[in-house]
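Asker: Take this structure first; my questions come after.
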Amino acid sequence: MFSCLAAGSFSFFCSYLLKMSVPNVTLNNGKTMPVVGLGTWGSPKGEVTQAVKDAIDIGYRHIDCAHVYQNEEEVGEALSVKIKEGVIKREDVFITSKLWNTFHRTDLVRPACEKTLKNLGLQYLDLYLIHWPMAYQEDGELFPSDADGKTLYSEVDYVDTWKEMEKLVEAGLCKSIGISNFNKSQIERVLQAAKIPPVTNQIECHPYLNQKKLMEYCKSKNIVITAYSPLGSPNRPWAKPGDPVLLDDPKIIAIATKYGKTPAQILIRWQVERGNIPIPKSVTKSRIASNFDVFSFELTKDDIDTIDSFDCNGRFVPITSAYGHKYHPFENDEY
């Protein structure tokens with residue numbers, strides 16, 4: 001939509017976005033979180049720093065990271081530049097990262113968080129998540145496997161990991177803590193043991209996997225949903241020819257045409273109106289800007305209901321390599 005903008009026009013457009021009021025969601029601990037963030041999963045190495053700098057200039061104040069993405073140093077470089085330039089102060093941005101599966105063991109949780117903070121050049125995280133409920137074998141590769149390619153597991157219980165996450169808040173290393181890819185029964189186990197309840201559950205969510213049941217459950221527990229892959233993760237490495245492409249869905253395109261918006265803007269706005277926090281990923285400046293321009297229009301209830309009806313349990317990130325793990329959240333299709 002914006003690829004044809006001249007440099008001056010694009011600068012004007014970014015200035016317009018900066019003047020827009022971006023809403024926040026109030027979390028269950030009273031802290032606030034911007035309702036749209038920039039995702040960094042799968043962003044090509046060498047392009048992340050510029051993408052984050054562009055996002056901050058455009059007006060994003062929420063960046064989603066993770067140790068396993070292996071690009072936190074690039075995010076940290078961008079943050080450092082923009083802080084030094086005076087574009088932002090540290091307290092102006094909401095930074096999320098995640099504890100990877102090989103660091104669930106209780107003695108590894110704090111060192112993993114401290115490594116992430118070093119990578120990002122920060123003193124604290126606004127939000128730290130347990131990335132998946134499954135623990136992998138420690139002290140080796142991020143994706144440990146045997147000679148046959150089978151993932152090697154650890155027996156660590158994510159409830160014990162959660163108790164260590166709480167200590168990070170007490171130590172001032174994290175403002176808030178949460179979970180990612182947890183199903184209902186797993187959330188219930190965490191809540192039963194928690195002194196500090198999770199503020200969010202970050203999950204795959206888009207019209208083909210609308211997560212309505214899990215959303216309703218989390219809402220009942222005052223847990224916000226952060227929606228990853230809100231555009232259907234079209235660049236996922238394991239995509240096969242012929243797999244459905246959400247952004248090319250004629251039904252989505254028809255709704256986008258009706259509003260004079262891009263399909264991506266419709267998908268992001270749909271999440272916002274459902275009360276979710278979408279974190280679309282891009283390293284292209286025009287798309288980063290377009291994905292942020294979702295606060296100047298609203299979808300009708302009929303259009304929201306129509307998009308809801310596209311659900312087909314179409315999960316793009318099933319992590320089938322870990323099927324068989326006792327804490328795999330999707331293997332039994334439990335919400």
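The values are calculated or read from the model by the stated rules, or taken from the named source; none is laboratory data. In this text, all values refer to a predicted model and were calculated from it rather than measured experimentally. Counting neighbours? That spans all protein chains shown, and the Cβs are built from the backbone with ideal geometry, glycine included.
Asker: Pull up region 218-254, narrow it to residues that are among the β-branched types (Val, Ile, Thr), in contact with a helix residue (DSSP H, G or I) (Cβ under 8 Å, 6 or more places away or on another chain) and surrounded by 21 or more Cβ atoms within 10 Å (Cβ to Cβ), then point me to the one that is farthest from Asn24 (Cα to Cα). Steps first, please.
Answerer: Going through region 218-254, the residues among the β-branched types (Val, Ile, Thr) turn out to be 223-226, 245, 252-253.
Retained after the next criterion (residues that are in contact with a helix residue (DSSP H, G or I) (Cβ under 8 Å, 6 or more places away or on another chain)): 223-225, 252-253.
Of the ones still in play, those that are also surrounded by 21 or more Cβ atoms within 10 Å (Cβ to Cβ) are 223-225, 252.
Details: Ile223: 15, Val224: 12, Ile225: 13, Ile252: 26 Å.
By that ranking, first place goes to Ile252.
Asker: Conditions first: (1) touching a residue at least 60 places away in the same chain (Cβ under 8 Å); (2) part of a loop (DSSP other than H, G, I, E, B); (3) under 30 Å from Gly46 (Cα atoms); (4) under 17 Å from the mean Cα position of the chain (by Cα). Gly275 passes all but one, so which condition is the exception?
Answerer: With (1) touching a residue at least 60 places away in the same chain (Cβ under 8 Å); (2) part of a loop (DSSP other than H, G, I, E, B); (3) under 30 Å from Gly46 (Cα atoms); (4) under 17 Å from the mean Cα position of the chain (by Cα) applied to Gly275, the lone miss is (3).
Asker: Any residue in region 252-271 that is over 20 Å from Met215 (Cβ atoms) and of a type in the set (S, T, N, Q) sitting within a Cβ distance under 9 Å of a residue that is outside any helix (DSSP H, G or I) and at pLDDT below 95? List the pairs, counting only those 6 or more apart or interchain.
Answerer: Thr262/Met1; Gln265/Met1
Asker: In addition: Of the residues that sit in region 6-52 and are modelled with pLDDT of 95 or more and of a type in the set (Gly, Ala, Ser), which one is surrounded by the fewest Cβ atoms within 10 Å (Cβ to Cβ)?
Answerer: Taking the candidates together, the pick is Gly30.
Asker: Cβ contacts < 6 Å: first residue on the phi > 0 side of the Ramachandran plot and touching a residue at least 12 places away in the same chain (Cβ under 8 Å), restricted to region 82-109; second residue surrounded by 14 or more Cβ atoms within 10 Å (Cβ to Cβ) and assigned to a loop (DSSP other than H, G, I, E, B), any location; separation 6+ or different chain. Result?
Answerer: none
Asker: Restricting to region 143-161, name every residue that is part of a strand (DSSP E or B) and either polar (S, T, N, Q) or exposed (fewer than 14 other Cβ atoms within 10 Å of the Cβ) (or both).
Answerer: Kept after step one, since they are part of a strand (DSSP E or B), are these residues of region 143-161: 145, 151, 153.
Of everything in region 143-161, those that are part of a strand (DSSP E or B) and either polar (S, T, N, Q) or exposed (fewer than 14 other Cβ atoms within 10 Å of the Cβ) (or both) turn out to be Ser145, Thr151.
One line per residue, one yes/no per condition, for (1) crowded, with 21+ Cβ neighbours inside 10 Å; (2) assigned to a loop (DSSP other than H, G, I, E, B); (3) polar (S, T, N, Q):
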site	(1), (2), (3)
Asp57	no, no, no
Ile63	yes, no, no
Val68	no, no, no
Glu73	no, no, no
Val87	no, yes, no
Arg110	no, no, no
Gln123	no, yes, yes
Pro133	yes, yes, no
Glu141	no, yes, no
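Asker: Let me ask you something else. Where residues in region 199-217 are of a type in the set (S, T, N, Q) and either in contact with a Ser or Thr (Cβ under 6 Å, 6 or more places away or on another chain) or modelled with pLDDT under 95 (or both), which of them is surrounded by the fewest Cβ atoms within 10 Å (Cβ to Cβ)? Working first, answer last.
Answerer: At the first step, the residues of region 199-217 found to be of a type in the set (S, T, N, Q) are 200-202, 210-211.
From what is left, the residues that are either in contact with a Ser or Thr (Cβ under 6 Å, 6 or more places away or on another chain) or modelled with pLDDT under 95 (or both) are 200, 202.
Values: Thr200: 24, Gln202: 26.
That would be Thr200.
Asker: I'd like to know if region 294-304 contains one or more residues that are farther than 17 Å from Asp64 by Cβ, of a type in the set (Phe, Trp, Tyr) and touching a Pro at 6+ places or on another chain (Cβ under 7 Å). Spell out the reasoning first.
Answerer: Keep residues of region 294-304 that are farther than 17 Å from Asp64 by Cβ, which gives 295-304.
Next cut, of a type in the set (Phe, Trp, Tyr) only: 295, 297.
Next, only the ones that are touching a Pro at 6+ places or on another chain (Cβ under 7 Å) stay: none.
Checking region 294-304: not a single residue is farther than 17 Å from Asp64 by Cβ, of a type in the set (Phe, Trp, Tyr) and touching a Pro at 6+ places or on another chain (Cβ under 7 Å).
Asker: Still on this structure, I have one more. Considering only residues that are under 22 Å from the mean Cα position of the chain (by Cα), in a helix (DSSP H, G or I) and either within 17 Å of Val35 (Cβ to Cβ) or of a type outside the set (Lys, Arg) (or both), which ones fall in region 278-319?
Answerer: Correct list: Ser286, Ile288, Ala289, Ser290, Asn291, Phe292, Ile304, Ile307, Asp308.
Asker: Moving on. Could you list, ordered by first residue, the pairs with Cβ atoms under 8 Å in which the first is in region 291-309 and under 23 Å from Ala51 (Cβ atoms) and the second is polar (S, T, N, Q) and assigned to a loop (DSSP other than H, G, I, E, B), at least 6 apart or interchain?
Answerer: If the second residue must be polar (S, T, N, Q) and assigned to a loop (DSSP other than H, G, I, E, B), the pairs left are Asn291/Ser282; Phe295/Ser21.
Asker: While we're on this one: In region 89-107, what residues are crowded, with 19+ Cβ neighbours inside 10 Å and part of a helix (DSSP H, G or I)? Break it down stepwise before answering.
Answerer: Residues of region 89-107 that are crowded, with 19+ Cβ neighbours inside 10 Å, as a first pass: 93-104.
If the condition is that a residue be crowded, with 19+ Cβ neighbours inside 10 Å and part of a helix (DSSP H, G or I), then Asn101, Thr102, Phe103 are the ones that fit.
Asker: Answer yes or no as to whether Glu164 is touching a Phe, Trp or Tyr at 6+ places or on another chain (Cβ under 8 Å), in contact (Cβ under 8 Å) with a residue 24 or more places away in the chain, over 19 Å from Arg315 (Cα atoms) and not in a strand (DSSP E or B). Don't jump to the end; show me each part of the working.
Answerer: Values: touching a Phe, Trp or Tyr at 6+ places or on another chain (Cβ under 8 Å): no; in contact (Cβ under 8 Å) with a residue 24 or more places away in the chain: yes; over 19 Å from Arg315 (Cα atoms): yes; not in a strand (DSSP E or B): yes.
Against the criterion (touching a Phe, Trp or Tyr at 6+ places or on another chain (Cβ under 8 Å), in contact (Cβ under 8 Å) with a residue 24 or more places away in the chain, over 19 Å from Arg315 (Cα atoms) and not in a strand (DSSP E or B)), Glu164 does not qualify.
Asker: Looking at Val81, Val25, Val36, which one is part of a strand (DSSP E or B) and more than 17 Å from Lys118 (Cβ to Cβ)? Walk me through how you get there before you give the answer.
Answerer: Working: Val81 fails: part of a strand (DSSP E or B); Val36 fails: part of a strand (DSSP E or B).
From the options Val81, Val25, Val36, the qualifying one is Val25.
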